[in-house]
1. List the GluC sites (Glu not before Pro) within region 360-465 that DSSP assigns to loop and that have no more than 15 neighbouring Cβ atoms inside 10 Å.
2. Can you match Rg and Dmax of the Cα atoms in Å to one of these, (1) 29.2, 113; (2) 28.7, 98; (3) 39.2, 153, based on a calculation from the structure here?
3. Rounded, prolate or oblate: pick one for region 646-712, where a ≥ b ≥ c are the square roots of the eigenvalues of its C-alpha gyration tensor, a/c under 1.5 means rounded, and failing that, prolate if a/b is larger than b/c, else oblate.
4. Normalised by the residues of the chain, what does the relative contact order come to in percent, with Cα pairs under 8 Å and at least six apart?
5. Counting only residues 5 or more places away or on other chains, whose amide H sits under 5 Å from the amide H of THR367 once H atoms are built in the peptide plane?
6. Please identify the GluC sites (Glu not before Pro) of region 58-122 that satisfy two criteria: DSSP loop assignment and at most 13 other Cβ atoms within 10 Å. Which are they?
7. Determine the distance separating the Cα centre of region 215-251 from the Cα centre of region 252-291; give it in Å without decimals.
8. Would you compute, from DSSP H runs of 4+ residues alone, the mean residue ellipticity of the chain at 222 nm, taking -39500 (n - 2.57) per run and dividing by the full residue count, rounded to the nearest 500?
Amino acid sequence: MLNTERNTKQFMSIPQAITELITLADGREITLETGKLAKQADGSVVVKMGGTMLLATVVASKEAKDGVDFLPLTVDYREKFYAGGKIPGNFFRREARPSDQEILTMRLVDRVLRPLFPEDFHAEVQVMISLISYDGESIPDDLAGLAASAAIAITDIPFNGPMSEVRVVRINGELSVNPKFEDLKIADLDIMVGATKDSIVMVEGEMKEISEAEMLEAIQFAHVEIKKQVEAQERLAEKVGKSLPKREYSHENHDEAIREKVWKETYDKVYEVAKTPSGKEERGEKFKAVLAEFLAQYVEDAEELERVTPFAKVYYHDVEKEAMRQMIINDKIRLDGRDPETIRPIWSEIDYLPGAHGSAIFTRGETQSLTAVTLGSVKDANMVDSVMVNYDERFFLHYNFPPFSTGEARPLRGTSRREVGHGNLAQRALANMIPEENPYTIRIVSDILESNGSSSMATVCAGTLALMDAGIQITKPVSGIAMGLVTDVKTGKFTVLSDILGDEDHLGDMDFKVTGTADGITACQMDIKIQGLSMDIMEKALLQARNGRLHILDKLNETISAPREDVKPHAPKMVMMEISKDFIGAVIGPGGKIIQQMQKDTDTVIAIEEVGEIGRIEISGVSREKINDAIARINEITFVPVVGEVYQGKVVKVMDFGAFVAIAKGTEGLLHISEIEWARLDKVPYKEGDEVEVKFMGYDDRKKMKLSRKVLLPRPPRPEQKPREEGQGRPEGQNRPERPARPESKVNPEGRDQPGEHKPLNEA
């Protein structure tokens, strides 16, 4: 046994972790660690901040697969429920498909990593990031980009990094990075910034109507912190010692003779096509015709045609890109004939769908969104259950991008990451405009029917119109615009483009989406494809975006200038009421029978939530009358009579000594015969079912309700009494009864009774 242990120790010693420390401006620390976990991956790093830990791994194939002419990069981010001491709430009790939040984190990392790999590197790369511990404070998303980049940085995989991402928030006018989770609620600016040491690569986030200058300040603040994190990765890579030299690869074959021939014979023709204003489909056909004309010269030699075609397609794409870029930079003419700042023609319409609670069509150029709003109750909220949070989302937006929107026929494979990302951007753009007192659960669905650039921004505009059409009292209308950029490294010239086309996005250097009101920015998403984008260019893009945004807002106001005063007749109406929490059980009933029957009878949806000492009840339904009926039933159940109040009651039982009167369902009291009228009655003058107005006088010694009718009637005057003659006694029958003699101790010396001994008649 001892020999076995010795042998094991010889071959398996405890690995020594290699670490690097990052200190944030506020003193908090981030630790990078490698060498302990997942050592068979090309690169493996654990990032730790407080009690939050992420494990990032990267593996890259040695060679590219045949026929692959792009970078097959996969970024996967998953949250392990054990990280926060939770068990998944699904049927299988295990992590299943990624949540929307996980997908959004994947996109944040992917969009920064992808442009940093060499263009001719086509080997499959897989980056996997796992949340393995969560302390409830440090936000994992903020560390995911750092973890992924660090895992790549310590390997020999070709990479133009390192990079990092930080979350910048502003709280009470102060900027900070990577805040605690609870601080997000009070921030008026929340953006993620991804960058290398030299340049900004990605920006995404939401704001509460901030200015362009404030946004630039936040980006610059983030870049300072990112530089520190990049330097820490470089130190870690140096300690590991295997990141240099980078691995050699050859994933592309080239034929310089064909390249030269394609450029020489097609460039002028392509430039002419690009310069002639045309639609997306027409322009595409003309570009294809130029390539087909070039390849036609090889038709008679099938073998040569087969050899030349793959090269020609690659080089022709470069020709298209360069011709379009030079045309924009030099001639200030775009593919559809616009100048750089002109917005495409816009038309919009509301109330297009009679069955929806609110709807709108928004069309900008060849991009069109049909958007519908559905109003629901608290029971329709989107349940969000993750390691970090568990709550009901009352406002959410879904974005759909069907293949016919681009004239394609391709298989439908569920919701794509792109659809999740675009929907989230539009949702964040509109969320802060929904008033806090809004009682509805709101679902917005944007179906993109045509697409040629800026479909997510069309969703924002259509969403604004649909919300106003639905009668939601949004604070301000919001519009969105996508900005582009074309630069020439050789000359230093650049042109910022407003409202970009799909081709301008694909062939340009930037896709910068900005949404906002007339008073400021509410959300943004920026992807930059070139190194070293200056702040001057970014500032120009933001200011130009503001002009475009205001122009689009004017167009929205022409369609509808303010929200409808009320929801539509067929839309649900919502009423909120409060009861004492002691009555919650009574309203629900045993096994929920009472509330279920109430919902069935009134055709409403009733939800009850306990908040402190009160029960908050939400009642929704299409008919106001039925909602009022539900309110009346709840009031009956929760009825508590108030002493001194007057109620319209109904006689439920008649006795010799009085009548039992119900002043509410299940609440009865005795109207004694002596309390019906001022005059003496020999018989109760009511029958069952009679209505009678009574006053609640309180409770007797047995906690029984006392009611009175006579106190509501004018009291008859007392009959005048004749003065008695001297010596005249009381009338017969009116003599006082004899009382026992008073003890001597109780006799007043003057012969009078003690005060209070004789009480006056009850005048009530």
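1. GLU408, GLU436, GLU437
2. Checking each listed value against the structure points to (3).
3. In terms of gyration-tensor shape, rounded.
4. This gives 9 percent for the chain.
5. Answer set, sorted by chain and number: ASN452.
6. Counting only loop positions with at most 13 other Cβ atoms within 10 Å, the GluC sites (Glu not before Pro) in region 58-122 are GLU63, GLU119.
7. After rounding, the separation between the Cα centres reads 38 Å.
8. Mean residue ellipticity at 222 nm (helix-derived): -9500 deg cm²/dmol.
Each value in this text was obtained by applying a stated rule to the coordinates, not by laboratory testing. Remember, it's a predicted structure, so these values are computed and weren't measured experimentally. Methodologically, a virtual Cβ is constructed for each residue, glycine included, from the backbone with ideal geometry; neighbour enumeration extends over all protein chains shown.
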